[in-house]
1. Please compute the net charge surrounding B:R358, taking Lys and Arg as +1 and Asp and Glu as -1 over other residues with Cβ under 13 Å from its Cβ.
2. What's the buried accessible area, both sides, between A and B using a 1.4 Å probe, rounded to 100 Å²?
3. What is the angle, in °, between the Cα long axis of helix B:313-323 and the longest principal axis of the Cα atoms in chain B? Nearest 10 is fine, range 0 to 90.
4. So how far, in whole Å, is the C-alpha centre of the range A:418-456 from the one of the range A:259-314?
5. Using only the alpha carbons of the range B:440-546, what is the convex hull's orientation-averaged projected area in square nanometres?
6. How far apart are the B:T133 label points across copies, placing each 7 Å from Cα toward Cβ, in nm, shortest first?
7. Looking at the range B:13-36, which residues lose a minimum of 40 Å² of accessible area between their chain alone and all protein chains in place, measuring with a 1.4 Å probe and not counting ligands or nucleic acids?
8. Would you tally the net charge around B:L123, using a Cβ to Cβ cut-off of less than 12 Å, leaving B:L123 out, and scoring K and R as +1, D and E as -1?
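The values are calculated or read from the model by the stated rules, or taken from the named source; none is laboratory data. Every value quoted in this text rests on a predicted model; they were computed, and no experiment measured them. Cβ sites come from the backbone with ideal geometry, for glycine too, and all protein chains shown count toward neighbours. Note: areas computed on protein heavy atoms with side chains; ligands, DNA, RNA excluded. Shrake-Rupley method; radii C 1.70, N 1.55, O 1.52, S 1.80 Å.
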2 protein chains.
Amino acid sequence: MHSTMQDVPLTIGSLLLHGTTVHGDSEVVTATPDGLRSTSYAEVGREAARLASGLRSLGVTGDQRVATFQWNNTEHLVAYLAIPSMGAVLHTLNIRLFPEQLVYVANHAEDRVVIVDDSLVGLLAPHLPAMETVTHVLVAGPDAASADLDSLRASGKQVQLYADLLAAQPDEFDWPQVDERAAAAMCYTSGTTGNPKGVIYSHRSAWLHSQMICTGNVAGLDWHDRVLPIVPMFHANAWGLAYAALMSGASLCMPDRWLQAEPLVRFMRESRPTISGAVPTIWNDVLMYLDAHPDLSVDSIRRILCGGSAVPVSLQKALKERHGLEVRQAWGMTETSPVASAAGVPLGVSGEEEWRYRGGQGRLVCGVEARITADDGTVLPSDGEAVGELEVRGPWVTGAYYSSDDPEVTAKFHEGWLRTGDVGMVDPLGYITLTDRAKDVIKSGGEWISSVELENALMAHPDVVEAAVVGIPDEKWQERPLASVVLRPGSTVGAADLRDYLGAEFAKWQLPDAWCFIEQIPRTSVGKFDKKVLRREYADGRLEVTSPE
Amino acid sequence: MHSTMQDVPLTIGSLLLHGTTVHGDSEVVTATPDGLRSTSYAEVGREAARLASGLRSLGVTGDQRVATFQWNNTEHLVAYLAIPSMGAVLHTLNIRLFPEQLVYVANHAEDRVVIVDDSLVGLLAPHLPAMETVTHVLVAGPDAASADLDSLRASGKQVQLYADLLAAQPDEFDWPQVDERAAAAMCYTSGTTGNPKGVIYSHRSAWLHSQMICTGNVAGLDWHDRVLPIVPMFHANAWGLAYAALMSGASLCMPDRWLQAEPLVRFMRESRPTISGAVPTIWNDVLMYLDAHPDLSVDSIRRILCGGSAVPVSLQKALKERHGLEVRQAWGMTETSPVASAAGVPLGVSGEEEWRYRGGQGRLVCGVEARITADDGTVLPSDGEAVGELEVRGPWVTGAYYSSDDPEVTAKFHEGWLRTGDVGMVDPLGYITLTDRAKDVIKSGGEWISSVELENALMAHPDVVEAAVVGIPDEKWQERPLASVVLRPGSTVGAADLRDYLGAEFAKWQLPDAWCFIEQIPRTSVGKFDKKVLRREYADGRLEVTSPE
């Protein structure tokens, strides 16, 4: 017996069509030096058609890769839609990658064209000559005409203005039929060891993930919403928020390059988003700015999505209690499109128990399955007690990395499941609690110490701005925790105070023996604490370490 | 370039696994003569495993059909989940079908097993002997043991209690891997002419449709919601609400056979749903009951989904203004799984303009495309003015009927689109306004008169309970409108009054010339106005027709 349902594929093209016709009256608003710039989704649809025609005229065919080197703005949104819909593959280059990694991923993906923001020309130009497969560069943005195009032309590539190319193109494009399992977009993860690894999203995975973002358990988007993705569009698909906005008809508020607290808060007050997504460090900056400016509020926001690294409860509490901002922690990674779980609190739960729920990584969304495994690959019970590596499975979870047969890379998959590299527990009701990255767990005398739990506890101290804990070699215990702390200016708190503070929550053997007070925690190219830098600085004797005793 | 995404199918089985584990603490509550009966989703999962084992023990294999003849209750939910997940096909029999149609569909689908509610044994028994392929009957429900099993056994079929069969089975089942395009469930439409036509949903279509129901533009379900599907589970998949509940973790409130206003309102007050779906006639009954009982409120409900036939604005206004109940009209049909569009109001719109938006069929949901065509199949512009037959396309829209090559049936499809049989307009922003069923449009002197618009206007009159308008033959004009009206008890309003009332809104040539006042409007087996009965009664001279002059 066959189903009688139509065989209509799930494609970015269908999402483009829907968003730019049915929701043609929604808008994308982008921050510029001269204020807000608004573009209707109907116009976004016409611009996508012009971009697709323009790229064809440059010779882009089949599933060739077109790269973007852009902030979150209108032109990046147009590229998100046009490139996959024409059958090509969108490669979002992370502008914060280290130069050798940036060149590596552009060559590995064989990018043909790069679309670069006017404000990023200076960052791209030096590396362009090494991008061997790139033939054309398009410079986008309101100030493209005054950008230093010669610096790009020095690479020998064909360089032209995005606006000039598009001006000559028609407002309609004969979008091809695309198989839903075809490649739509790719994103490299910046691994802490080895080369970045490529994840290739399909049209299907992007469509399903976007629809999931629109469901009530995650963002619950409808066409009255306004979505502010602060998470960059070159990070894991901007958490799916751009596509989800087109799907639901929610408008988009794009902050472009102004990601510091002051311009961000101003942009929030002007563009009035109802929902926004960013990593904890951004919200920490916003919190401090709002604390310092009690006359400013961002009351249009009904929900904050936060993830990328563990979201400290202290941060969530402060945002809620002092500024009425509700944080929903979500968990995922580039490899999971990225959203795999979202926090929530059972009805009737309040007080400290509520914060315990909000501090976890939440419940699995429908479509993603999870399990935990021991070091030897044995599947452990999802009983909320057994601790192991989290493995996930689902239609928007990667099952491989692009064109890599490095054994270290293939070892990331286990019986068809993705090994996430995160360590934690899953309880019988699908609540995930992650305690650490597998590589950051501190192994002390046969026991595991969670660096993340210590960090969260430290960051709950009123005088601590940020804290990172890493394992340092120890002859007797194998590893012991080292806490690196950024204090509020003027604080006189010392290591012994903080150690005593942690003593209320942790066993004595879990407390850090070594402490250092620094100006800022080093960060990776995606803004996470860069613990390998801390370990290296410690090994090189470049950290000033004290002990509480 | 291949996507690296995992190839995980979209199946009812994955939805079953998610809902009964991650949301094992949500519940389905069913009305019984002794009050509410609550079952956790975790227990639903175990019961589904037992049912699958039990059906296997009866010899159900492959994609054989298992029919249900049940109200909305826990056992029907278990059947919804277990039957497709074991690879079999769920056939929901409409208990209100006329006997010959009921027997026809059971034989056409080749049903092997029928699960029947204890309260419906008497309705099924007379027709069971004619259901040729049925070998087993399972009697479910709290009072199954005292049902008249002998009346069923008289058919020669094997008859046993659902509870007895399940008691012997294990709590776990080795659910098979199922292709997402495989048949999952089937539903027959009760055509007004000819035999009912079968639509076969796939696992994929059910999954995608359920996720769409959970998005903010439709029901926005999250796991704090409680869903009351009053729309029967034997109608178009209960509008997807049952599967969407499992997907989101929302609890379910099942009214079983108590669909009259008084027990329904009591059930709402006891089970406290946050969202509920039913056809307009049910809400009309609820409205009248609430009006008569000002001390009763159903304030747990945050949104009502309403569809199945046009939802009069007067009804929506009354529910909102007198009882704080917000109605969201949705449009669809068995052939579209069913939800294809949902109403909503642009921000800033209020007053009569708001009601105009709420009175339409709403905006297309992402995934469904629509267009309108002229009688000759020409595609007309979606400009909000051109009127034609609505055609739709999408991954949860049927592209055929089961096993039928009747030319009249294949004519329902046009270049891969479903011809809906609905007449109306689509505007450039995807708002659909349906003015009539194609077969109910009144063709008068070369112009079209919408029967639905006349009905809605009449039902806005305070003395009119219900009204149906049909075309009757006319020598001069080809057809002219006949209005059949049900007045409030005691009303003294006459045809001339109503004609004058309509005159404020309609051109003179559109006003009905013929009127009849009746006790109730005849209904089809799915509760819609049965206009063919009215036309037949008129032709047979059985209606007492008056003219306003």
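1. +1
2. Using a 1.4 Å probe on protein heavy atoms, the buried area is about 5800 Å².
3. In chain B, helix B:313-323 runs at an angle near 70 degrees to the longest axis.
4. Distance between centres, Cα-based: 27 Å.
5. 6.6
6. Taking the point 7 Å beyond Cα along Cα→Cβ, the inter-copy spacings are 5.2 nm.
7. B:H18, B:V22, B:D25
8. The answer is -1.
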